[in-house]
Each structure stands twice: as structure tokens, then as C-alpha cells.
Amino acid sequence: MARGPHTEMRTPAGAHVAVVVKGYPRLSETFIAQELLELERRGLALAIWSLRRPTDKAVHPMHRQITAPVTYLPEYLHRAPLRVLRGTAWSVRRPGFGTLLRTFLADLRRDFTVNRVRRLGQAFVFARELPATAQHVHVHYLHTPASVVRYAALLRGFGWSFSAHAKDIWTTPDWEKREKIAASTFGVTCTAAGHRVLAALAPQPERVALAYHGLDLTRFPAPPEARPPRTGAEPADPVRIVSVGRAVAKKGFGDLLRALAALPPDLHWQFAHVGGGEMLGELKAQAAELAIAGRTAFLGARPQPDVVALLREADIFVLPAKRARSGDQDGLPNVVMEAASQALAIVATAFAGIPEFVRDGEDGVLVPPEDWEALANAVNLLAREPERREALGRSAFARLEGRFGMAEGIDLIESRLRTALGSPAAAAPAARRAHGAAP
């Protein structure tokens, strides 16, 4: 029987992989849920360890199907003092504590933050509580979650691997990425652009592999047979434009609102955004300032079935991703592939991993990042051409079905996890991994 994802349970009795994530469950991380569910279906026993408790009010159906038990590490150390003290007291008696302390102090000199200290405390708790049946640890994200895992591994001597995605690649210093890759048994990442960066920092390029998330099309309905041939000429039947993503700078939603405001007055349209995020209030205020609030709807975070229903009713999907001032940027956003799963015409930026999937003029329309005028022009032209929208959407669906299915990426991850579970490298001393020994 499926259980709710918020329940903490005992870890599996037998050998298993411990999967460490920043937060669980998260509506914005369907790619992680998809991977966990498929690995379970293939017979891998998993246990989830999360650095944060959930903040989303809803969950995806996939989360309810995942049977792995979930343990939450203390997000704020002062809120779980006894747990942290027990972990600390246990850790200082471990043979690897001296190596850990030297590693941590070297990191702290280069990154003197409270966050760094928090990761050490979480590592003490994780190292103490991780059962011996966890024969390998796999962590999602190479920044803070991997810090916890790396520190704990120095205490316990377990083998660990990572999946790197987007922010963790582009905002983590090279020195830190290099040292974590060297300490890991293997890593995967989900775009060719990210792979080039990480492979160049690895002791051996093959230490890091490219594994696209892809999409499990069995979880999605077939695309609509046909969409209404809207052209935006009728006020009562406006062109429906949709975007999905957290309201953060790298998604470029501010550029999208400026583009929508610049559309010609004879084009009738409505826009819906799905996603939470820190900039949601700012975007609503911007829409009001641009005098388009009456044609825009900010729906907040929604579970995947609601998102798919919206995609099926839409005419155009838009995602103007860009690099944020912090250096953060997307990889290949899953929502682009989800739009393709419904044969929806895509307008996006030629940025990050998006062109690896969307070929300009074949599977969608690509414009330069941060160019709201070009974005407005692309949306305006496509809004008036229902036949072109249909052709682009069908091409995107065919590309998704033929080249970006889920199986290939999961095959690679499963193979490497099974090798790590059964290989001597998975139980090798931490010192050997810290010096970059090949898996």
C-alpha cells in the first residue's frame, strides 16, 4: 500500500542505497521523484534522507507511490540540540574525525558562513544515524547536500555518488566542485553544458557521466489530437499562453511579463503561471504596473496533474530562462519536456540546456536570453499561426519520444549504483577516495 511522503519510518532491514536530498517532497523536483520511483520499480531498496522538511502543501502522485522511508535531518541545529549533541559526541570518537576536522577547517577558511557550520552539524547526525545496511549513499545536488555527505563519509568511510543539476553546478566554486568530485565514486549530470564543466574538474573525465532526466511518458496522457485553431483575433477566445516554474530570477518571468505587455493591441491573449517562489509578489506587482494584471493569472504551486491539464488547454508554452545575477541558471528544465509531452508549441531562450532538446524552428522557437522584444515578437507571430504551432508541438513530442525518454538515463544510474553496491570501491577507506582514486 502506498503511504504518504511525510511519514518517517525505519530504514530498510537489508542492503540499500541512502539517497540524500535538500528537501522532500518538492513540487518543483519531479525529476528526482521520477528517478526514485523508477529505481524502486527496478528493485533497488532506497531510504531517503532530507535536509529540510516539505514546505509545499500539495504533493505529486509519484511521491505517494514511492515507498522509501524518509528521515529528516535537523534543518536548524538549535531546534534539535539533543540529536546534534549525540551526533557530535559520537563523531569525535571516530577514527576519521581528525581528517574531517582538517577538511572542514580548510573549507571554512574559503567559505566562512553559518551555512558551512550547519552542514557539519547535519553530517554528525547523519553519520551517527545512518544504518550499516546503507551500503552506498547517493546525493542530489553538489552544493550543500553533498557537503553533508562528504563530511559524513570521512567519519564512516562509505562510498558516495552525486547527481548535479543546475544551481549546484553554476554557483559552487570550482575548488569545492573539484574536491567533491574527487571524493566521490561517480557522478551524473543532466545537461551537456554541465557535463563539460564537471568532467573538466574531475580527476578522470569518466568519473562524471551525462544522464538526461528524460520523461516517463507512461505517466502522461497522449497529446490532444488537435487544439482549437485560435489566432487571437476574437476577444472571447484569446490565445492561451502558459509558463511553469518557480518565481526566481533565473526563470526570466519578468522578461516574459514585459514581452506580454508589448504584444499588439489587436492580439487577444491570456497568460497563466504555475509555481511558487520568492518573486511571486514582485511579479504580480509588475503585471499590475504594466496594466496586464487582468489578463494574467498566478496560480501558485500545483501538483503535476493540474499542470498537465493546463498544458493540454494551452496554445503556447513560454520559458525565458536566463542567468541570474548570482550566477544561478537552469539546466534542461523538465517543464519544457512536459510541455512537449502534450505536443504544445514552445517558445524559450537559447540558453543553458534548452537547445539540447528544442531545435530552433523545428521543435519550438528560441530567442536570445533577456531579449524581451525578441520574445514578444516570437509569441506574437506564433499566436497568429495555429498550423505552425501544431507542427512545432508535434515535432517536439516526436523528439521527446525518440531521444529524451526516461529509460536511458535511469539505465546508467541504476548500473552505476549496482556496481557501487557490489564493488570494493563502495567500502574503500575514505582516505583513498579523498585522493581521487578511480572507481
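Some points to look at:
- Note on region 395-428: among residues that are assigned to a loop (DSSP other than H, G, I, E, B), within 24 Å of HIS16 (Cβ to Cβ) and of a type in the set (A, V, I, L, M, F, W, C), the one that is modelled with the lowest pLDDT is ALA428.
- Matching residues, region 73-89, being over 13 Å from VAL117 (Cβ atoms), in a helix (DSSP H, G or I) and within 29 Å of the chain's Cα centre (by Cα): ARG79
- Set THR55, THR11, THR71: member being modelled with pLDDT of 95 or more and β-branched (Val, Ile, Thr): THR71
- Going through (1) under 25 Å from ASP56 (Cα atoms); (2) in contact with an Asp or Glu (Cβ under 7 Å, 6 or more places away or on another chain) one by one, LEU283 falls short only on (2).
- LYS250, sole failed condition from (1) touching a strand residue (DSSP E or B) at 6+ places or on another chain (Cβ under 8 Å); (2) buried (at least 24 other Cβ atoms within 10 Å of the Cβ); (3) more than 26 Å from SER395 (Cα to Cα); (4) not acidic (Asp, Glu): (1)
- Residues of region 230-268 satisfying the condition of being under 19 Å from GLU385 (Cβ atoms) and hydrophobic (A, V, I, L, M, F, W, C): ALA233, VAL239, ILE241, VAL242, ALA259, LEU260, ALA262, LEU263, LEU267
- Assessment of region 247-262 against the conditions (closer than 23 Å to TRP170 by Cα, at pLDDT 95 or above and touching a Lys or Arg at 6+ places or on another chain (Cβ under 6 Å)) yields at least one matching residue.
- Residue check for THR171: β-branched (Val, Ile, Thr), out of contact with any strand residue (DSSP E or B) (no Cβ under 9 Å at 6 or more places or on another chain) and more than 24 Å from LEU344 (Cβ to Cβ): yes
- Checking ALA287 against (1) aliphatic (A, V, I, L, M); (2) out of contact with any strand residue (DSSP E or B) (no Cβ under 8 Å at 6 or more places or on another chain); (3) without any contact (Cβ under 8 Å) to a residue 40 or more places away in the chain; (4) surrounded by 21 or more Cβ atoms within 10 Å (Cβ to Cβ), the condition it does not meet: (2)
- Yes/no for ALA297 being among the aliphatic types (A, V, I, L, M), surrounded by 17 or more Cβ atoms within 10 Å (Cβ to Cβ) and in the same structural domain as TRP269 (by TED's automatic domain parsing): no
- When ALA431 is tested against (1) modelled with pLDDT of 95 or more; (2) surrounded by fewer than 16 Cβ atoms within 10 Å (Cβ to Cβ); (3) hydrophobic (A, V, I, L, M, F, W, C), just one condition goes unmet, and that condition is (1).
- Test: residue in region 120-129 that is touching a Lys or Arg at 6+ places or on another chain (Cβ under 7 Å), among the charged types (D, E, K, R) and farther than 19 Å from TRP175 by Cα: yes
- Region 68-107, subset charged (D, E, K, R) and under 30 Å from LEU37 (Cβ atoms), residue surrounded by the most Cβ atoms within 10 Å (Cβ to Cβ): ARG83
- Within region 30-54, the set of residues being closer than 20 Å to SER147 by Cα and either under 15 Å from the mean Cα position of the chain (by Cα) or of a type in the set (A, V, I, L, M) (or both) comprises ILE32, ALA47, ILE48, SER50, LEU51.
- Residue match in region 306-325 (condition: in contact with a helix residue (DSSP H, G or I) (Cβ under 6 Å, 6 or more places away or on another chain), under 22 Å from LEU280 (Cα atoms) and in a helix (DSSP H, G or I)): yes
- Residues located in region 364-394, provided they are surrounded by fewer than 20 Cβ atoms within 10 Å (Cβ to Cβ), part of a helix (DSSP H, G or I) and under 27 Å from the mean Cα position of the chain (by Cα): TRP372, ARG394
- Residue satisfying all of: in region 228-284; among the charged types (D, E, K, R) and in a loop (DSSP other than H, G, I, E, B); nearest to the chain's Cα centre (by Cα) among these: ARG246
- Some residue of region 319-329 being crowded, with 21+ Cβ neighbours inside 10 Å, without any contact (Cβ under 8 Å) to a residue 60 or more places away in the chain and out of contact with any Cys (no Cβ under 6 Å at 6 or more places or on another chain): no
- Some residue of region 338-347 being in a loop (DSSP other than H, G, I, E, B), outside the structural domain of THR172 (by TED's automatic domain parsing) and either surrounded by fewer than 22 Cβ atoms within 10 Å (Cβ to Cβ) or under 19 Å from the mean Cα position of the chain (by Cα) (or both): no
The values are calculated or read from the model by the stated rules, or taken from the named source; none is laboratory data. What you are looking at is a predicted structure, and each value in this text was computed from that prediction instead of being measured. Neighbour counts run over all protein chains shown; Cβ positions are idealised from the backbone, glycine included.
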